[in-house]
Amino acid sequence: MFADFDMSKKIYGIMAEFDTATEMVDAANEIRLAGYTKTDAFSPFPLHEIDEALGIKRSILPYLIFAGGITGLLTALGLVYFVHVLDYPIIVGGRPYFSLPSFIPPMFELTILFSAGTAVFGMLFLNGLPSPYHPVFNVPRFALATREKFFVLIEAEDPNYDYEVTRKFMESLKAQEVFDVPE
Amino acid sequence: MAEVGKYFVPQGMNRFRTVALGVGAIALLLWAGGAYFSTEQALRSWLLGFIFWGGITIGCLGVLMLQYLTGGAWGVVIRRTLEAGARTLPLVILAFVPIAIGVYSRSVYAWTHLPADDPAMAHRGVFMEPWFWILRTAIYFALFYVMQYLLDKWSVQQDKTDNVFDSERILEKASRFSGPATVIYSLVVTFAVVDWVMTLDAHWFSTIWGLLFVAGWALSCFSFTVVVMAYLSDKPPMDGILGKRHFHDLGKLMLALTMVWAYFNFSQFLIIYSGNLPEETSWYLTRMKNGWGYVGIILILFHFAFPFLILLQQDFKRKAKWLATLGIFILLMRLVDMYYQIAPAPRIAPGYENASLLHALSWLDFAAPVAIGGIWLWWFIGQLMKRPIVPIQDPFFESAVSHGKGH
């Protein structure tokens, strides 16, 4: 299956497998305390504790969405102002050209559209998606991450990473098994 | 089985009870004195207090049914508080008596003096007779009371159960009841606020009126509940029950209702603005001139924009005291909103046509809400202290508590 697998090849990181969420969170805590920062965890269901355990900061996505919403609001205001005041002024129902109450529905709609768009595409972008290839799938047992097993990963790019030391450290975490993840 | 005794709120709340009753009684005496000299103004102000505090009571009843329908940890931890709020209903019915007398003696609503051939009177017929108006309100209160009584009865039964099956059965009964009851509730609120508030200006109408109050009263209810929860959150027994996440959830609901309130209000305004028909626009024209326009702008900025931007922030919603401070602020704005709906409406007494804000504003507008509010709070705290503060036998109680401690 992995015909080109070769130990001399570059390693993406070292991954440990656990049977339960609690064991994984405990291990993640130790990994953070050992000073590793380029880490990741994989579980079959969302685990809120893992953010704290691995020291993952809150996403900046809410701020992006707010900025997206403001952009949508101003875009709509600009659009209706351009159309109804500058480009094609026409009197409707005896109201002024710049009739703000009638402009609010499109402003509201574009605020929603832009913030929802920012939420979806910003989430994909910040998650690095779509990602057609990811080295973790080179470990056959990783398929179980969507079913019943829990995995923690330390990337080779971590400043504290040293193959021998990190591998030994991972093995000390009472993991079910420790894998080298080929690039 | 859990020990019931340790789930009562601290006796320290009695202190507030005495203060509230004292302040309320003094304000009531002042109001009664004022009512002797200017009956119409006093009853108008009383209506303001009645709609504001009655709104919290009726809002609590609505949210109580809502949380039976949706489930969720937020509903479990505030359920007993909502029930205590809904149990102030007898007081609200009592507070309606002065208004009923005012309508019967034709001394509070201007429509009681309209000529019989006025279109608003001729086409509505018996609907605009004082006796029928009072009878309708009696029916609204009877329906509210049935809902409140049954939900309360089942809650008491649930507290007395000793196994999860009985408790589950009672929860299911309350949930099944709440579905159709919520539909009836929304219809009753619509009819009630059309009678109580919209008929102040008999020639004006709005079809979103009922929903405006359903949303506004739910917002009042959540703002009030958050204040109570924040007070209890650092004292036993609630310090071991309430968590940041409960306040986060309640804050999210406050945010949603702040938006819904603005959405409904703007919908009403936009439809009238677009239609541009004299019989509809007069309502807003009155409220944009002579100083009333500033009240409208205050509502846009501080009933909507300010709470909206504050509540968008996650950190704010997770801090009980901050959220409670905003809750008090929103409640004040709710009172301003009710004043904006009620005060500029036509009056029986001459000299109030196109009256300015300063001319219409009376000291009774402060005395009446304080009078009803003081007595309301005295009654509410008494009800709150009577029962355990959380439904300890509820099958979801433990998971609701652990939800609060999560992230």
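Values quoted throughout were computed directly from the atomic coordinates according to the rules given, and no laboratory measurement underlies them. Just so we're clear, the structure is a prediction, and the values are computed from it rather than from any experiment. As a convention, Cβ positions derive from the backbone with ideal geometry for all residues, glycine included, and neighbour counts pool all protein chains shown.
Here are the numbers:
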quantity	calculated
Scattering profile of segment A:61-126 at q = 0.16 Å⁻¹ [log10 I(q)/I(0), Debye over alpha-carbon scatterers]	-0.56
Most positive-pole-ward Cα, B:V97, B:S274, B:A120, against dipole of segment B:5-405 from beta carbon charges	B:V97
Calculated P(r) tail over 22 Å for segment B:101-206, as whole % of Cα pairs	48 percent
0 to 90° range, to nearest 10: angle between helix A:100-126 axis and chain A longest Cα axis	20 degrees
Coil-residue chymotrypsin sites (Phe, Trp or Tyr not before Pro) of segment A:106-148, DSSP, other Cβ within 10 Å capped at 10	A:Y133
Computed helical MRE - 222 nm, chain B, DSSP H runs ≥ 4 contributing -39500 (n - 2.57), nearest 500	-24500 deg cm²/dmol
Whole-Å semi-axes of segment B:5-405's equivalent ellipsoid (Cα gyration tensor)	37, 22, 21
Cα centroid separation, segment B:313-351 to segment B:82-134 (Å)	24 Å
At q = 0.14 Å⁻¹, base-10 log of I(q)/I(0) for chain A (Debye sum, equal scatterers on each alpha carbon)	-0.82
Where labels lie 7 Å past Cα in the beta-carbon direction, separation of A:T37 and A:D51 in nm	2.0 nm
Kyte-Doolittle mean at least 1.6 and Cα axial length at least 30 Å: DSSP H helices in chain B	B:209-232
Kirkwood Rh, Cα atoms: Rg over Rh of segment B:283-406	1.12
Segment B:D315-B:F191, length gained on full extension (0.36 nm per residue, minus Cα span)	40.7 nm
Exposed GluC sites (Glu not before Pro) absent: longest stretch of chain B, with sites in DSSP loops and at most 14 other Cβ within 10 Å deemed exposed	B:4-352
Taking all pairs of distinct alpha-carbon atoms in the protein assembly as shown, Kirkwood radius in angstrom	27.9 Å
Lysine pairs in segment B:249-407 with Cα atoms under 18 Å, if 8 or more residues apart or on separate chains	7
